């Protein structure tokens, strides 16, 4: 199929580009990336870091952290069901993730249950369903890989999925930049200007779901939430301009992914966890040292 | 102004409007007609449904029954055409948002940007249609906030924030300005400035609809006053509507609620 060949060529090109950069590094740093699986892991991590960083701005500004958590957990039964039916896992993951977020919206809107309870209730239920199905059909290694990621074992098909998700997310954010910005900043105003806020709302949720599904194999569904919150929160401390925030957030996402991946190999520890720890470290560093909203400056200002 | 309408047709017209929030009736059988190019003040106690009327106009809420027309057409058409500018009453807005004063005012132009060619819409702000930047600059100048244009929105005082929100509504250059308590929580220099700006807008032919609790400024500026307390208590000149008798009637809600049998107040 020519489409697949194109995708493979694109991935090969991107990896070649990355390796050209990696080879500029000292040998000790570049050494692990001689292996093909490490190259794939590097590209996947960078893509995931970038997409999550981008979406993270909306998650942080719209106070959607818990929603991100909910969708990521709700993806689990979809993976399990897809495995049962022999579908590609991302189809199932996307379906249950999207269905759960719709269910949360419906409960919020039509009952007296508040949104945090609606989210907690729906995602734990979905997650439990996933655990039960998986306990019947697969080994616990599979479950661990889904929960915590397995970036070193990323296959070409998963890398392709991440790449496609990244392109879709980038296009959506670019084409709908102003509606999304206005919706995040002031949804009432968006409504008054005749924007279809319902479509923007669910579009953003679907984008979030797509991002989570694409990150599944890298950091896993438990830790993807960190990548959807930490880069945006870090960037929010550093700037008062939205486009700058997005640039910083993507940078934080990519840097944590790359540094985390390298450290995890060097120290022989879990990659997903290391990536998230690097991001968290960057956040605390920023929290202390940020030029305007940092703790040090705040203390100094009080003196 | 982006369109010319038959001056006979009212800017906003409602017939038999009913609205509710979560099963709680807020507006009952509201009929009104707000003329073009006039300043209408809407006055009523808290919870009387004043903001609800605006929410219906900006499409945040659908009426249960009745009709709401803008320039004799559906309000949605004129929202999309950018003919309705809305300044909300904001205590709970996200002021931490990373956005500058200028870009906040620019968001008032986002609806109009739909008419720009696609290539302009896909490029960053500096390559967008210069008309947008000009309108934003003029609006900032009108509310005397030009020197604050690059500040983050969260760094402003309460009165300055109100002026920026007014500038955003002005930048839209809409036929109708809907203002929800633009004078609430504003110091007196800002208040004088806001009233002065609105007076100029009215004189240039715009329709101003303003929810307010401030009676002195209403007496001085408004062409028409609408008294609302879930129902329309009265509509007429400021002198007639702001009489002690009318205000007492408004506060006591003496007008009986009309028969609501057969109306389903479902959310």
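The values are calculated or read from the model by the stated rules, or taken from the named source; none is laboratory data. No experiment lies behind these values; they were computed from the predicted model shown. Here Cβ is always computed from backbone atoms with ideal geometry, including for glycine, and neighbour counts include all displayed protein chains.
Summary of computed values
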| read-out | value |
| --- | --- |
| Breaking point among (1) at the interface with another protein chain (Cβ under 9 Å from one of its Cβ atoms); (2) at positive phi, for residue B:72 | (1) |
| Spans of strands (runs of 3 or more DSSP E) in the range B:163-244 with at least 1 residues away from every other protein chain (no Cβ under 14 Å) and under 22 Å from residue B:141 (Cα atoms) | B:207-211 |
| Strands (runs of 3 or more DSSP E) (entirely within the range B:1-96) containing at least 2 residues that are within 30 Å of residue B:153 (Cβ to Cβ) | B:12-21, B:39-43, B:84-87 |
| Given (1) within 9 Å of chain A (Cβ to nearest Cβ); (2) touching a residue at least 40 places away in the same chain (Cβ under 8 Å), index of the condition residue B:61 fails | (1) |
| Boolean, residue B:136 is in contact with a helix residue (DSSP H, G or I) (Cβ under 9 Å, 6 or more places away or on another chain), more than 8 Å from chain A (Cβ to nearest Cβ) and either in contact (Cβ under 8 Å) with a residue 60 or more places away in the chain or under 21 Å from residue B:40 (Cα atoms) (or both) | no |
| Residue among B:82, B:16 that alone is modelled with pLDDT of 90 or more, surrounded by 16 or more Cβ atoms within 10 Å (Cβ to Cβ) and at positive phi | B:82 |
| Residues that are crowded, with 23+ Cβ neighbours inside 10 Å and touching a helix residue (DSSP H, G or I) at 6+ places or on another chain (Cβ under 9 Å), drawn from the range B:27-42 | B:27, B:30, B:39, B:41, B:42 |
| Qualifying residue in the range A:246-258 (condition: within 28 Å of residue B:121 (Cα to Cα), within 14 Å of the chain's Cα centre (by Cα) and surrounded by fewer than 19 Cβ atoms within 10 Å (Cβ to Cβ)) | yes |
| Unique match (being in contact (Cβ under 8 Å) with a residue 12 or more places away in the chain and under 23 Å from residue A:167 (Cβ atoms)) among A:84, A:42 | A:42 |
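Okay, residues lined up against (1) out of contact with any helix residue (DSSP H, G or I) (no Cβ under 6 Å at 6 or more places or on another chain); (2) closer than 30 Å to residue A:244 by Cα; (3) more than 12 Å from chain A (Cβ to nearest Cβ):
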{"position": "B:44", "(1), (2), (3)": "no, no, yes"}
{"position": "B:51", "(1), (2), (3)": "yes, no, no"}
{"position": "B:87", "(1), (2), (3)": "no, yes, no"}
{"position": "B:94", "(1), (2), (3)": "yes, yes, no"}
{"position": "B:99", "(1), (2), (3)": "no, yes, no"}
